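Just below is one structure, and these are the notes that go with it.
The values are calculated or read from the model by the stated rules, or taken from the named source; none is laboratory data. All of these numbers come straight from a predicted model, not from anything done at the bench. Every residue, glycine as well, gets a Cβ built from its backbone with ideal geometry; the counts of neighbours run over all protein chains shown.
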Amino acid sequence: MEKMLREMRERVMQNIKEARATANLEQIRVAALGKKGELTALLRGMGKLPPEERPKMGQLVNDVRAALETELEKRAAELAEKEKAARLAAETIDVTLPGPERSAGSLHPMNIALRKMVDIFVGMGYEEVVGPEVEYDHYNFELLNVPKNHPARDAQDTFYVEDNIVLRSQTSPVQARIMTTRKPPIRIISPGRVYRADEADATHSPVFHQMEGLVIDENITMGDLKGTLDEFARQMYGEGIQTRFRPSFFPFTEPSAEVDLTCANCKGAGCRMCKGTGWIEVLGAGMVNPRVLEMCGIDSHKYSGFAFGMGVERIALLKYNIPNLRYLYENDLRFLTQYR
Ligand code: DAH
């Protein structure tokens, strides 16, 4: 029995030394020292020994058990250390590698143009104000001299929310809001979204942007309007860009004009963008109709004023030579990131 014990001790010691992983070690322990293990089996054989040999043999079994346990612990510590080192090596991060690229955002070309428009007018002493997109019929039409059943209501295919509430079809209602709540002198601009039931095509969209302008004071004339828009054109597009006033009609201005700018693409020579005319229409304007002044509570004998409403998309297309409104709405990054 002693021989068997020594043989077992040597064999298990060797197995422990050769164990490659913590999991193997556990198998070895169970097989050698477990309840149903080899040592337990040997111990059972002790009953057949003569009584005087039993203490000595018992001592030997305990020694073997203690020696194997010590060795198992030692090897377990070694393996744990090794496994940890291997795990750390596998998880190593090379902090010198370049990180994933994050591209910087950029402003939408229409917003770049709009910011410039606002800047130019703020530079001339205008205040920027905002009005609601869901608007009372009263401000969008009534106070602007467009009574119910007036044919001008058909010219702008308006989205109705309720009988007397619309999605504003123009930024002009902000004029009415300002005139009914402030005293002259008034000098404001108001950019924002407007809505019309139009089919989307190269030059139309059911949602687009306008920037309204309004100046009311004593002795304001059409000359002030023209000088202001000339200066705007010069700052927006540079020297050599001119304005052209064409007589027109708006219910809230008298006289009224549609204003063209020299086509920035061909400098007036005529090209596809301006359909060969050398001009591009960008805004409506005029002297505020005295009826509108009176309806809004401003003395039309003392005060006069001008107003204008610009198409922001138009101004941006012209600024960047963009041939089709759709480029502004499709959000194709290959297009948008050209404008930073
Ligand atoms: N609201 C007009 C439109 O949407 C543009 C306009 C014309 C605005 C004349 C004005 C103005 O302020 O005086 O077509």
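If the condition is being touching a residue at least 40 places away in the same chain (Cβ under 8 Å) and surrounded by 17 or more Cβ atoms within 10 Å (Cβ to Cβ), then segment 220-236 contributes Ile220, Leu225, Thr228, Leu229, Phe232, Met236.
Take the conditions within 15 Å of the ligand (Cβ to nearest atom) and touching a Lys or Arg at 6+ places or on another chain (Cβ under 6 Å) and apply them to Val312. Does it pass?
no
Of the residues making up segment 294-320, those that are free of Cβ contacts under 8 Å to residues at least 60 places away in the same chain and within 25 Å of the chain's Cα centre (by Cα) number 2. Within segment 10-65, if we keep just the residues that are more than 30 Å from Arg87 (Cβ to Cβ) and basic (Lys, Arg), the residue that is surrounded by the most Cβ atoms within 10 Å (Cβ to Cβ) turns out to be Arg65. Quick check: anything in segment 187-210 over 28 Å from the mean Cα position of the chain (by Cα) and assigned to a loop (DSSP other than H, G, I, E, B)? Checked against the condition, which is being over 28 Å from the mean Cα position of the chain (by Cα) and assigned to a loop (DSSP other than H, G, I, E, B), segment 187-210 yields no hits at all.
Can you name the condition, by its number, that His108 falls short on among (1) closer than 30 Å to Leu333 by Cβ; (2) without any contact (Cβ under 8 Å) to a residue 12 or more places away in the chain? The one condition His108 does not meet is (2). Checked against (1) modelled with pLDDT of 95 or more; (2) assigned to a helix (DSSP H, G or I), Ala90 meets all criteria but (1).
Let's see how each residue does on (1) away from the ligand (no atom under 15 Å from the Cβ); (2) of a type in the set (S, T, N, Q):
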| residue | (1), (2) |
| --- | --- |
| Gln235 | yes, yes |
| Glu239 | yes, no |
| Thr243 | no, yes |
| Phe250 | no, no |
| Ala257 | no, no |
| Asn265 | yes, yes |
| Cys271 | yes, no |
| Ile280 | yes, no |
| Pro290 | no, no |
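Restricted to segment 192-214, and to residues there that are more than 13 Å from the ligand (Cβ to nearest atom) and acidic (Asp, Glu), the residue that is surrounded by the most Cβ atoms within 10 Å (Cβ to Cβ) is Asp201. Ala264 versus (1) of a type in the set (A, V, I, L, M, F, W, C); (2) surrounded by 19 or more Cβ atoms within 10 Å (Cβ to Cβ); (3) in contact (Cβ under 8 Å) with a residue 60 or more places away in the chain: which is the lone unmet condition? Evaluating Ala264 over (1) of a type in the set (A, V, I, L, M, F, W, C); (2) surrounded by 19 or more Cβ atoms within 10 Å (Cβ to Cβ); (3) in contact (Cβ under 8 Å) with a residue 60 or more places away in the chain leaves (3) as the failure.
Just one of (1) touching a residue at least 40 places away in the same chain (Cβ under 8 Å); (2) outside any helix (DSSP H, G or I) fails for Leu72. It is (2).
Counting only residues that are within 17 Å of Ala285 (Cβ to Cβ) and in contact (Cβ under 8 Å) with a residue 60 or more places away in the chain, which one in segment 169-186 is surrounded by the most Cβ atoms within 10 Å (Cβ to Cβ)? Here the answer is Ser172. Using the structure shown, decide if Val174 is part of a loop (DSSP other than H, G, I, E, B) and either β-branched (Val, Ile, Thr) or outside the structural domain of Leu328 (by TED's automatic domain parsing) (or both). For Val174, the condition - part of a loop (DSSP other than H, G, I, E, B) and either β-branched (Val, Ile, Thr) or outside the structural domain of Leu328 (by TED's automatic domain parsing) (or both) - is not met. Would you check if there is a residue in segment 23-41 being under 60 Å from the mean Cα position of the chain (by Cα) and in contact (Cβ under 8 Å) with a residue 24 or more places away in the chain? Checking segment 23-41: at least one residue is under 60 Å from the mean Cα position of the chain (by Cα) and in contact (Cβ under 8 Å) with a residue 24 or more places away in the chain. With respect to being touching a strand residue (DSSP E or B) at 6+ places or on another chain (Cβ under 8 Å), among the charged types (D, E, K, R) and not in a loop (DSSP other than H, G, I, E, B), Arg115 falls outside the description. Collect the residues in segment 315-329 that are modelled with pLDDT of 90 or more and either within 15 Å of the ligand (Cβ to nearest atom) or more than 12 Å from Pro109 (Cα to Cα) (or both), keeping them in residue-number order. Within segment 315-329, Ile315, Arg326 qualify.
Regarding Val166, is this residue more than 21 Å from Arg326 (Cα to Cα), modelled with pLDDT under 95 and crowded, with 20+ Cβ neighbours inside 10 Å?
Yes, satisfied.
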